[in-house]
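Structure record follows, encoded as structure tokens.
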């Protein structure tokens, strides 16, 4: 007879031996998933026996977790801003740092009725959907854009499941904004708030086994990781409202560089915000105001 406690302990040791992060948490989460319970129930039923079918499901999931498959992919969901989002190999697993970016944006964002919001490189849609729900009383016009069709399908599933009003567009940065036969419906302009979590990992940088399960197009950004970011900070300007708040998430050692790119492009009041670990990874700034036209006057 295999009790819950015995399986929890043996599974934790098995994951630990394979270098899986937070092995006990992983094992608890997998057991909760298979048993259809919560962790409180699990602890209150330590001596209960598991059925053969439950053990087989756990073994299959453990094998995948031991290979580095993200826990969120195995569970089919990830928590973000107190909500459950669908999560799978179509898009990046939502990171805690991204949740911090959204929190900062909500603290700093302009609040006005019908404000326009852009989530560029939306992936599973956690940023844009969270903003749509948190700002719902203002009836925001929220646009989610991504180059990946599979990622957009996942974002749309999440928006539908959570009841968020958003619009999705397949776009290589702002390619969908260019009128063409392929772009039957052009997205809106004049964004008041723009958040972007774009590829920023340098091509030659080693990433963990878990991160390798994320889509490569959402991870790698050229030799120094900033190829897409360089294009974005310039290409955004015609589509941003004057003084729009623009915030990005980048690598822990890239914040200052991106801030300089923003300054060079004309953004104002640029600076880098830190995450809860003290890493400067959220460069931000405000889109420049429209230049005031001047006319020369002839002397009488």
Within segment 235-267, which residues are surrounded by 14 or more Cβ atoms within 10 Å (Cβ to Cβ), under 18 Å from the mean Cα position of the chain (by Cα) and farther than 19 Å from residue 109 by Cα? 250, 251, 254, 255
Look through 125, 76, 66 and report the one residue that is more than 17 Å from the chain's Cα centre (by Cα) and either surrounded by fewer than 16 Cβ atoms within 10 Å (Cβ to Cβ) or in contact (Cβ under 8 Å) with a residue 24 or more places away in the chain (or both). 66
Here is a check on your reading of the model: is residue 229 modelled with pLDDT of 95 or more and in contact with a strand residue (DSSP E or B) (Cβ under 9 Å, 6 or more places away or on another chain)? yes
Given (1) under 22 Å from residue 1 (Cα atoms); (2) assigned to a helix (DSSP H, G or I), residue 37 misses just (2)
Which condition does residue 103 not pass, out of (1) free of Cβ contacts under 8 Å to residues at least 24 places away in the same chain; (2) touching a strand residue (DSSP E or B) at 6+ places or on another chain (Cβ under 9 Å); (3) closer than 20 Å to residue 273 by Cα, if it passes all the others? (2)
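Can you work out which of the residues in segment 203-216 that are touching a residue at least 24 places away in the same chain (Cβ under 8 Å) and more than 14 Å from the chain's Cα centre (by Cα) is nearest to residue 71 (Cα to Cα)?
First pass over segment 203-216, keeping only residues touching a residue at least 24 places away in the same chain (Cβ under 8 Å): 208-210, 212-215.
After this cut, where a residue has to be more than 14 Å from the chain's Cα centre (by Cα) as well, the list is 208-210, 212-213.
Working: 208: 14, 209: 12, 210: 9, 212: 13, 213: 11 Å.
In this case the residue turns out to be 210.
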Please go through (1) surrounded by fewer than 19 Cβ atoms within 10 Å (Cβ to Cβ); (2) touching a residue at least 40 places away in the same chain (Cβ under 8 Å); (3) not in a helix (DSSP H, G or I) for residue 84 and return the number of the only condition it doesn't satisfy. (2)
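The values are calculated or read from the model by the stated rules, or taken from the named source; none is laboratory data. Because the structure is a prediction, the values reported are computed rather than measured. As a convention, Cβ positions derive from the backbone with ideal geometry for all residues, glycine included, and neighbour counts pool all protein chains shown.
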